[in-house]
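J.: Okay, handing you the structure first.
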Amino acid sequence: MTMSSNTPDPIDAHLGRQLKARRQQLKLKQGDLARALQVSIQQVHKYETAKSSLPAERLVGLARALGVSPAYFFDGLEAAAASPAARARKPAHG
């Protein structure tokens with residue numbers, strides 16, 4: 001989540017989408033994943049909706065629990081960052 005607004009950071013949003021997609025692909029509920037990670041269901045929800053950033057150590061734990069490499073969460077990030085919606089969220093430099 002960016003500090004200046006309620007708009008999720010594009011990277012956090014992408015990681016959350018990847019997390020949710022993989023969880024659903026494995027037919028896991030948020031509660032199943034929460035128990036595996038020893039976090040609350042609410043925390044898993046916050047990761048999936050980019051209301052909370054994923055720390056690196058948690059990302060590694062998620063990858064293990066979901067049977068993927070940590071790199072999985074970054075697949076497609078460049079394309080997502082290049083989308084018009086992501087560009088609109090980036091502050092202008094000038």
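Nothing in this text is a laboratory measurement; each read-out follows from the coordinates by a stated rule. Keep in mind that what you see is a predicted model, and the values were worked out from it rather than measured. Note that we place each Cβ from the backbone using ideal geometry, even for glycine, and neighbour counts take in every protein chain shown.
J.: Looking only at segment 1-30, how many residues end up being part of a helix (DSSP H, G or I), more than 17 Å from Leu77 (Cβ to Cβ) and free of Cβ contacts under 8 Å to residues at least 12 places away in the same chain?
T.: Residues that pass the stated criteria total 2.
J.: Restricting attention to segment 32-61, and to residues there that are in contact (Cβ under 8 Å) with a residue 40 or more places away in the chain and either hydroxyl-bearing (Ser, Thr, Tyr) or part of a loop (DSSP other than H, G, I, E, B) (or both), which single residue is nearest to Ala13 (Cα to Cα)?
T.: Among those that are in contact (Cβ under 8 Å) with a residue 40 or more places away in the chain and either hydroxyl-bearing (Ser, Thr, Tyr) or part of a loop (DSSP other than H, G, I, E, B) (or both), it is Ala50.
J.: Taking segment 62-72 only, how many residues are within 13 Å of the chain's Cα centre (by Cα) and free of Cβ contacts under 8 Å to residues at least 24 places away in the same chain?
T.: The total comes to 3.
J.: Only residues that are surrounded by fewer than 17 Cβ atoms within 10 Å (Cβ to Cβ) and touching a Pro at 6+ places or on another chain (Cβ under 9 Å): list them for segment 10-50, please.
T.: Result: Thr49, single match.
J.: Report, by residue number, each residue of segment 62-75 that is closer than 21 Å to Pro10 by Cβ and in a helix (DSSP H, G or I).
T.: Of everything in segment 62-75, those that are closer than 21 Å to Pro10 by Cβ and in a helix (DSSP H, G or I) turn out to be Leu62, Ala63, Pro70, Ala71, Tyr72, Phe73, Phe74.
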